[in-house]
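Worksheet: the structure to be examined is printed underneath.
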Amino acid sequence: MNETTAPAWPRSDLDDILARTETGLADDLLPVEIFNDSAVFQAEVERIFGRSWVFVAHESEIPNPGDFVQRRIGLDPVIVTRDGEGGINVLSNYCRHRGTQVCQTDQGNSRFFKCNYHGWTYANTGELVGTPFLRRAYGEPLDGKEWGLLRAPRVDSRHGFVFASLSADVEPLGDYLGGAGWMLDALVGLHPDGMRVAGPPDRYQVKANWKTAAENFAGDIYHVPNLHGSMQEIGIAGGLDAGGEFGRPYEFGNGHAFMGIAWTTAVHPGFEFWGYPPEIKDHFDLSGLDEMQVHVVTHDGPIVGTIFPNLSFYRGIAMDGSGLSSVITSFRQWQPVGPGELEVWSWQFVWTFQDEQSALQDAVIGQMQFGSAGVAEQDDTVAWEGAPRAAASPWARRERMMFHFQQGNKSEVDQSPDLTWKGPGIRRLTGFGEHNQLHFYRHWLRVMQARDHSAEGDR
Amino acid sequence: MSAPTPTGTTAVDADVYTAVATFLAREARLLDEGREEEWFELLADDLLYTIPIRQAAEPRTAEINRSAFRLRDNKMNVRTRLNRLATGHAYSEVPPSRTMRLVGSVEVSPGPGPDLVDVSSALLVYRQRGIDPHFDLIPCRRNDRLRWTGEGLRLVSREVILTETSLLTPNLGVLL
Ligand code: FES
Ligand SMILES: [Fe+2]
């Protein structure tokens, strides 16, 4: 963007780069090319975003019949609608006649989408319900289902988080999420009414690879004292150095990974529930949670996490510098835009039970830390822009430069799985080791190498 | 919060208009020259500085959501941001972006009190960060309310209406 010449993205031989990734990962290394390569990116769009459950919206964004938001699954624009029956539909935003985009807004309320080119009209279930000059033009009605907008074959939701898959051939959402679904339930299930979005997403484009953001939120606690040290210097954050020591990482399979913090040990024994203040905490009703979930949210609540491929969250106590503090919850999606470009979609979430004033405070403080103007996130965006530049470097490519993921290999810290852990997945008792990042990339490689790519034409 | 909606330039005297235009120009120059502390002096203690979220929507009035914000700062929040920049470790702005703020289309109208004026202006920020080979442009329109004080004009409220729905600059580490 804003460049005088379009960047020429490097392109590798895909099988070669995946083979090198496999060799590298066996040694906890990653070839730089995967962060900026058009062959890799194209395969990601087809093999990952085209064949996995991908988050598209939260139900609180489309509460009423006719509500819709325009979203993306990989590079595909989709319309997420609430139909008259209360059902949720995920529809391709390309007219079946000539491909004009039938929805030209980010959100709205409408029972129909009328294509502006020739006027084909679709119901918000995707069905084609109108074609101008029907008799003269077509003689008889076209089959509304056959000529409807493409529909994502699988749509399901968990605690209001709507996921869709462009491939019918996926395991059920609950199986796909596994332990990550269990942890998501715990995060947003502290009250039976759950959480809602505070507003539309804050969106901004970063010249970074989507995987870098996803791996960071999977549990990169190592960067916090350095990159975000300025927040501690001015007194709006504390204890940033302690993240490694008190980190409690979880690997849930399928590339999902969360990072807990042992809050009640690290801060003080009363610092339960992420430090939520009494006026929020007093509303909590944990009756829907199991014993391990109750333990986790009380003592070790996750601060970040990534649901593969590109949905992450942050929850933590945040200060705004004027004497106010809130526990903020931000979900964010790393939209792939190009081999070295992503678009951040960041939502602040608030509890459904919160009154307007309390919700506004949490959302505003959330934005002050995480969002395009966030004093934490601003710095991440810049740090993340390095990887695609390194990946495009002729020198780095010639030298077959690898990124270092061997942090834990010779560390004196015991990183073995917590054998007392009774919840799903693997839990460890230290934030050191970059295990979550490796978990993310190992799954990425598995999906990229899976041989069943019948939908692809050219392989 | 009601947004100031200036109706035109005819309602204020030329010297008021000149004072306001000079204020905006001075602000822009202080920020371009990295003189944030001097700029901070121009803020009223009861400042409210907001950047609402904008989306593609119909009708046009539905584009801007005045209950959801990229940023909603009081003066202390702005102070906090400046303190962080001053640490030298606010890495998105180390070194500080080189900027050029172009202010134009200034319209001034009487505010809701004798000491207040409402101002609408267009702002185009050219930004080049660190060693970026490219530049970013941040276009916006600002609805400001200024107060006359014994020391001159002070900024009471600013609402920044970004032209873009999805920013093409990677963060709002620069003040608008
Ligand atoms: S392209 Fe949509 S009606 Fe022709
Ligand atoms: Fe970060």
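Under the condition of being within 16 Å of ligand 1 (Cβ to nearest atom) and small (Gly, Ala, Ser), which residue from the stretch A:83-109 is surrounded by the fewest Cβ atoms within 10 Å (Cβ to Cβ)? Applying the filter and picking the extreme gives A:99. Would you check if residue B:119 is surrounded by 21 or more Cβ atoms within 10 Å (Cβ to Cβ) and either aliphatic (A, V, I, L, M) or in a strand (DSSP E or B) (or both)? Yes.
So which residues in the stretch A:141-160 are assigned to a loop (DSSP other than H, G, I, E, B), open to solvent by 60 Å² or more (accessible area, probe 1.4 Å) and in contact with a helix residue (DSSP H, G or I) (Cβ under 8 Å, 6 or more places away or on another chain)? Result: A:141, A:159. Going through the stretch A:399-426 one residue at a time, which ones are over 30 Å from residue A:290 (Cα atoms) and surrounded by 11 or more Cβ atoms within 10 Å (Cβ to Cβ)? Hits for the stretch A:399-426 are A:400, A:401, A:402, A:403, A:405, A:406, A:407, A:408, A:409, A:411, A:413.
When the stretch B:127-141 is filtered for residues that are among the aliphatic types (A, V, I, L, M) and within 20 Å of residue B:89 (Cβ to Cβ), only B:131 remains.
Before we move on, is residue A:169 open to solvent by 20 Å² or more (accessible area, probe 1.4 Å) and either more than 16 Å from ligand 1 (Cβ to nearest atom) or over 30 Å from residue A:391 (Cα atoms) (or both)? Quick ask: steps written out before the conclusion?
Working: open to solvent by 20 Å² or more (accessible area, probe 1.4 Å): yes; either more than 16 Å from ligand 1 (Cβ to nearest atom) or over 30 Å from residue A:391 (Cα atoms) (or both): yes.
Judged against the criteria, residue A:169 is a match.
For the stretch A:365-393, a tally of residues being part of a helix (DSSP H, G or I), away from ligand 2 (no atom under 13 Å from the Cβ) and over 16 Å from residue A:345 (Cα atoms) returns 8. Within the bounds of the stretch A:74-83, is there any residue that is more than 20 Å from residue A:127 (Cβ to Cβ), touching a residue at least 24 places away in the same chain (Cβ under 8 Å) and not in a loop (DSSP other than H, G, I, E, B)? Checked the stretch A:74-83: no residue is more than 20 Å from residue A:127 (Cβ to Cβ), touching a residue at least 24 places away in the same chain (Cβ under 8 Å) and not in a loop (DSSP other than H, G, I, E, B). Which residues, taken from the stretch A:171-212, are outside any loop (DSSP other than H, G, I, E, B) and closer than 17 Å to residue B:91 by Cα? Residue satisfying the conditions is A:206 alone. What number of residues in the stretch A:281-292 are assigned to a helix (DSSP H, G or I) and touching a Phe, Trp or Tyr at 6+ places or on another chain (Cβ under 7 Å)? Qualifying residue count, the stretch A:281-292: 1. When each of A:383, A:396, A:376 is tested for being under 19 Å from residue B:172 (Cα atoms) and surrounded by fewer than 20 Cβ atoms within 10 Å (Cβ to Cβ), the lone residue that passes is A:383.
The one condition from (1) under 23 Å from the mean Cα position of the chain (by Cα); (2) crowded, with 21+ Cβ neighbours inside 10 Å that residue A:72 does not meet is (2).
With the structure loaded, tell me whether residue A:230 is touching a Lys or Arg at 6+ places or on another chain (Cβ under 6 Å) and in a helix (DSSP H, G or I) or whether it fails that test. Judged against the criteria, residue A:230 is a match.
Which one is nearest to residue A:226 (Cα to Cα) among residues in the stretch B:91-110 that are assigned to a helix (DSSP H, G or I) and touching a residue at least 60 places away in the same chain (Cβ under 8 Å)? Please lay out each step first, then the result.
Going residue by residue through the stretch B:91-110, those that are assigned to a helix (DSSP H, G or I) are B:91-93.
Retained after the next criterion (residues that are touching a residue at least 60 places away in the same chain (Cβ under 8 Å)): B:92-93.
Values: B:92: 13, B:93: 15 Å.
By that ranking, first place goes to B:92.
Scanning the stretch A:226-236 for residues that are open to solvent by 40 Å² or more (accessible area, probe 1.4 Å) and either more than 13 Å from chain B (Cβ to nearest Cβ) or within 11 Å of ligand 2 (Cβ to nearest atom) (or both) gives a single hit, A:226.
Taking the listed residues A:43, A:57, the one that is more than 16 Å from ligand 2 (Cβ to nearest atom), surrounded by 15 or more Cβ atoms within 10 Å (Cβ to Cβ) and within 14 Å of another protein chain (Cβ to nearest Cβ) is A:57, with no other qualifying.
So that you can scan it fast, the table gives a plain yes or no per residue for (1) away from ligand 2 (no atom under 16 Å from the Cβ); (2) among the small types (Gly, Ala, Ser); (3) within 14 Å of another protein chain (Cβ to nearest Cβ):
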site	(1), (2), (3)
A:91	yes, no, no
A:95	yes, no, no
A:102	yes, no, yes
A:106	yes, no, yes
A:121	yes, no, no
A:134	yes, no, no
A:142	yes, no, no
A:157	yes, yes, no
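Restricting the stretch A:191-208 to residues that are aliphatic (A, V, I, L, M) and facing another protein chain (nearest Cβ under 7 Å), which is farthest from residue A:346 (Cα to Cα)? So that I can check it myself, show each step before the final result.
Keep residues of the stretch A:191-208 that are aliphatic (A, V, I, L, M), which gives A:195, A:197-198, A:206, A:208.
Cutting the leftovers down to facing another protein chain (nearest Cβ under 7 Å) gives us A:198, A:206.
On the way: A:198: 11, A:206: 13 Å.
Only one residue tops the list, namely A:206.
Of these, A:163, A:113, which one is within 14 Å of another protein chain (Cβ to nearest Cβ), away from ligand 2 (no atom under 16 Å from the Cβ), open to solvent by less than 30 Å² (accessible area, probe 1.4 Å) and of a type in the set (A, V, I, L, M, F, W, C)? Result of the check over A:163, A:113: A:113.
Every listed requirement among (1) open to solvent by 10 Å² or more (accessible area, probe 1.4 Å); (2) within 11 Å of chain B (Cβ to nearest Cβ) is met by residue A:347 save one, (1).
Let's see how each residue does on (1) surrounded by 20 or more Cβ atoms within 10 Å (Cβ to Cβ); (2) under 19 Å from the mean Cα position of the chain (by Cα):
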{"position": "A:309", "(1), (2)": "yes, yes"}
{"position": "A:328", "(1), (2)": "yes, yes"}
{"position": "A:338", "(1), (2)": "no, yes"}
{"position": "A:357", "(1), (2)": "no, no"}
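The set of residues in the stretch B:155-176 being of a type in the set (A, V, I, L, M, F, W, C) and either touching a Cys at 6+ places or on another chain (Cβ under 9 Å) or more than 7 Å from every other protein chain (Cβ to nearest Cβ) (or both) consists of B:155, B:156, B:160, B:161, B:162, B:174, B:175, B:176. Considering only residues in the stretch A:193-239 that are among the hydroxyl-bearing types (Ser, Thr, Tyr) and touching a helix residue (DSSP H, G or I) at 6+ places or on another chain (Cβ under 6 Å), the one that is farthest from ligand 1 (Cβ to nearest atom) turns out to be A:230. Note on the stretch B:35-90: residues that are more than 8 Å from chain A (Cβ to nearest Cβ) and in a strand (DSSP E or B) amount to 12. Inspect all residues belonging to the stretch A:390-412 and state whether any of them is within 18 Å of residue A:44 (Cα to Cα) and within 14 Å of chain B (Cβ to nearest Cβ). Taking every residue of the stretch A:390-412 in turn, at least one turns out to be within 18 Å of residue A:44 (Cα to Cα) and within 14 Å of chain B (Cβ to nearest Cβ). For the residues A:235, A:253, A:243, the requirement of being more than 24 Å from the chain's Cα centre (by Cα) and either modelled with pLDDT under 95 or assigned to a loop (DSSP other than H, G, I, E, B) (or both) singles out A:235.
The values are calculated or read from the model by the stated rules, or taken from the named source; none is laboratory data. Source: prediction; values computed, not measured. So basically every Cβ, Gly included, is an ideal-geometry build from the backbone, and we count neighbours across all protein chains shown. Surface accessibility is based on the protein's heavy atoms, side chains included, excluding ligands, DNA and RNA. Shrake-Rupley method; radii C 1.70, N 1.55, O 1.52, S 1.80 Å.
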